[in-house]
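The values are calculated or read from the model by the stated rules, or taken from the named source; none is laboratory data. In this text, all values refer to a predicted model and were calculated from it rather than measured experimentally. Neighbour counts run over all protein chains shown; Cβ positions are idealised from the backbone, glycine included.
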Amino acid sequence: MEKDPPHAPISTDQFQPRYFRPHGRIESRVHGNLVVHEAIGPFNQEIIEAMAVVLRESLQTLKQQGRWGQVIVFRQSALTSPETLSALKAYTTQRSKDGLAPVATAYVMDASVEGFHLMEAPFRNVYSESTVQFDIFSTEADAITWVKAQL
């Protein structure tokens, strides 16, 4: 991690939905040019909107700082619907077009995470047409090392 202390956590719990509450929870901490998200699933489509809203300001700050990366650590479950995956792909594509995408994204899923084998291919597909370098790891330490090497 960077020597700078992390900023206060940002959470999808801060999101006020229009219709349906997000299923799942994502808490994010910014450590210099690295964002570490803890994602507790399963997830529904509303989690993507919640994440976009609560991270908007942080993404602008990261963009101004230069190259940055992110690590998403899954807990409990990585399961989600095809609609949620489509929304995530659209969000990722739009962030790239807006210049707000990270250089690299690493997911962390070990055998304790429900659906870790089922979700690997769909998650890789989300980033397949993106400019973001992407990989999946079983440990947070390996994911952080890889992301930092891409920066």
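Flag: SER96 does not match the condition of being of a type in the set (S, T, N, Q) and out of contact with any Ser or Thr (no Cβ under 9 Å at 6 or more places or on another chain).
For (1) under 15 Å from the mean Cα position of the chain (by Cα); (2) farther than 19 Å from GLN45 by Cβ; (3) among the small types (Gly, Ala, Ser), each residue gets a yes or a no:
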residue: PRO82; (1), (2), (3): no, no, no
residue: LEU100; (1), (2), (3): yes, yes, no
residue: ALA106; (1), (2), (3): yes, yes, yes
residue: SER112; (1), (2), (3): no, yes, yes
residue: LEU118; (1), (2), (3): no, no, no
residue: PHE137; (1), (2), (3): yes, yes, no
residue: ALA141; (1), (2), (3): no, yes, yes
residue: LEU151; (1), (2), (3): no, yes, no
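Scanning region 48-77 for residues that are modelled with pLDDT of 90 or more, under 12 Å from the mean Cα position of the chain (by Cα) and under 21 Å from GLU129 (Cβ atoms), we see that the one that is surrounded by the fewest Cβ atoms within 10 Å (Cβ to Cβ) is ILE72. Only a single criterion out of (1) on the phi < 0 side of the Ramachandran plot; (2) at pLDDT below 95 is not satisfied by GLY24, namely (1). With respect to ALA141, determine if the residue is among the aliphatic types (A, V, I, L, M), more than 21 Å from GLU49 (Cα to Cα) and either surrounded by fewer than 13 Cβ atoms within 10 Å (Cβ to Cβ) or modelled with pLDDT of 95 or more (or both). So ALA141 fits the description; yes. Out of the residues in region 38-47 that are out of contact with any helix residue (DSSP H, G or I) (no Cβ under 8 Å at 6 or more places or on another chain) and not hydrophobic (A, V, I, L, M, F, W, C), state the one that is modelled with the lowest pLDDT. Among those residues, the one meeting the criterion is GLU46.
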